[in-house]
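Below is one structure; the comments refer to it alone.
The values are calculated or read from the model by the stated rules, or taken from the named source; none is laboratory data. Please read these numbers as outputs of a predicted model, since none were measured by experiment. All Cβ positions, even for glycine, are placed from backbone atoms using ideal geometry, and neighbour counts span all protein chains on display. The area values use the complete protein model at the heavy-atom level, side chains included, leaving out ligands, DNA and RNA. Shrake-Rupley method; radii C 1.70, N 1.55, O 1.52, S 1.80 Å.
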Amino acid sequence: MKVLVAVKRVIDYNVKVRVKADHSDVDLANVKMALNPFCEIAVEEAVRLKEKGVASEVVVVSIGPKAVQEQLRTALALGADRAIQVETEQSPEPLGVAKVLHKLVEQEQPGLIILGKQSIDGDNNQTGQMLAALANLPQATFASEVVVEAEQVKVTREVDGGLQTLALQLPAVITTDLRLNEPRYASLPNIMKAKKKPLEVVNPADLGVDLSPRIRQLKVTPPAERQGGVKVANVAELVDKLKNEAKVL
Ligand code: AMP
């Protein structure tokens, strides 16, 4: 069974995000970029399926400018077999990404497609669901356990107050939650080996997909600065401040 994994290049989660002075967008100049953490979990799960002998090949795909090849190489170093970059200068919207992935699913015919549940930059949480709808495939989102059994996959999902287990007919779309696994670190020999693994570059027009934006971003605003705290002498003063200054009592 072939596994297709979609990976996104995002700002590293350790970076404190800055907003451009004109509030038009987040400032990406000289900022450390990384593999979206949920995509890293998706790659790890696919590689574990291959190590168990369940998957025969792990193909990773990213849609974006040439720089996404860096994240594709990281995924190859983590154990993926080959990579596809769908080249576009603009940052694609979830619907565009889902359309590209749909075409690749038709071409590659994977038994399982794994995405992150969410990209940590746009916080969209849409692409996996849209792909499942376009490709008319069963989906299980927010997976915390994945077990492939013959023609089906059992997926455990963390839901409010407990766990839900679903059985899906393969092929299926899964999106990963944080507790699905703990991704490995790429070893130096594997980073070197990844440089030689195949990486194909595809044009969205060749797939017949139009990635023109449909959403206009009006403004990006940073969170309000935190106010400094004050020390109070006693409970009476605290209650007074809560009543008369904060006006929360
Ligand atoms: P989102 O719907 O943007 O929150 O993203 C959910 C998941 O869709 C990500 O974790 C990736 O697996 C996939 N995805 C989103 N954008 C891209 C992209 N540009 N290239 C490849 N995969 C993507």
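Points to keep in mind about this one:
- Of the residues making up region 1-16, those that are farther than 20 Å from residue 92 by Cβ and open to solvent by 40 Å² or more (accessible area, probe 1.4 Å) are 1, 2, 13, 14, 15, 16.
- If you go through region 1-27 and keep only what is under 30 Å from residue 59 (Cβ atoms), assigned to a loop (DSSP other than H, G, I, E, B) and over 18 Å from the mean Cα position of the chain (by Cα), you end up with just 1.
- Flag if residue 127 is surrounded by fewer than 23 Cβ atoms within 10 Å (Cβ to Cβ), touching a strand residue (DSSP E or B) at 6+ places or on another chain (Cβ under 8 Å) and either at pLDDT below 95 or polar (S, T, N, Q) (or both): no
- On the stretch given as region 28-40, residues that are assigned to a loop (DSSP other than H, G, I, E, B) and open to solvent by 30 Å² or more (accessible area, probe 1.4 Å) total 4.
- Condition met for residue 59 (open to solvent by 10 Å² or more (accessible area, probe 1.4 Å), more than 10 Å from the ligand (Cβ to nearest atom) and closer than 19 Å to residue 174 by Cβ): no
- When region 136-165 is limited to residues that are out of contact with any Leu (no Cβ under 6 Å at 6 or more places or on another chain) and open to solvent by less than 50 Å² (accessible area, probe 1.4 Å), the one that is nearest to residue 44 (Cα to Cα) turns out to be 146.
- Among residues of region 70-111 being open to solvent by less than 30 Å² (accessible area, probe 1.4 Å) and more than 19 Å from residue 35 (Cβ to Cβ), the one that is nearest to the chain's Cα centre (by Cα) is 98.
- Top-ranked residue in region 166-197 [being open to solvent by 80 Å² or more (accessible area, probe 1.4 Å) and touching a strand residue (DSSP E or B) at 6+ places or on another chain (Cβ under 7 Å); ranked as nearest to residue 90 (Cα to Cα)]: 179
- Inter-residue pairs, beta-carbon under 9 Å, first under 15 Å from residue 186 (Cβ atoms) and modelled with pLDDT under 95 and in region 75-103, second open to solvent by 10 Å² or more (accessible area, probe 1.4 Å) and of a type outside the set (A, V, I, L, M), 6+ apart: none
- Residues (more than 30 Å from residue 84 (Cα to Cα), open to solvent by 90 Å² or more (accessible area, probe 1.4 Å) and among the acidic types (Asp, Glu)) located in region 202-249: 225, 245
- Hits in region 176-214 - residues which are in a loop (DSSP other than H, G, I, E, B), among the aliphatic types (A, V, I, L, M) and more than 15 Å from residue 60 (Cβ to Cβ): 209, 211
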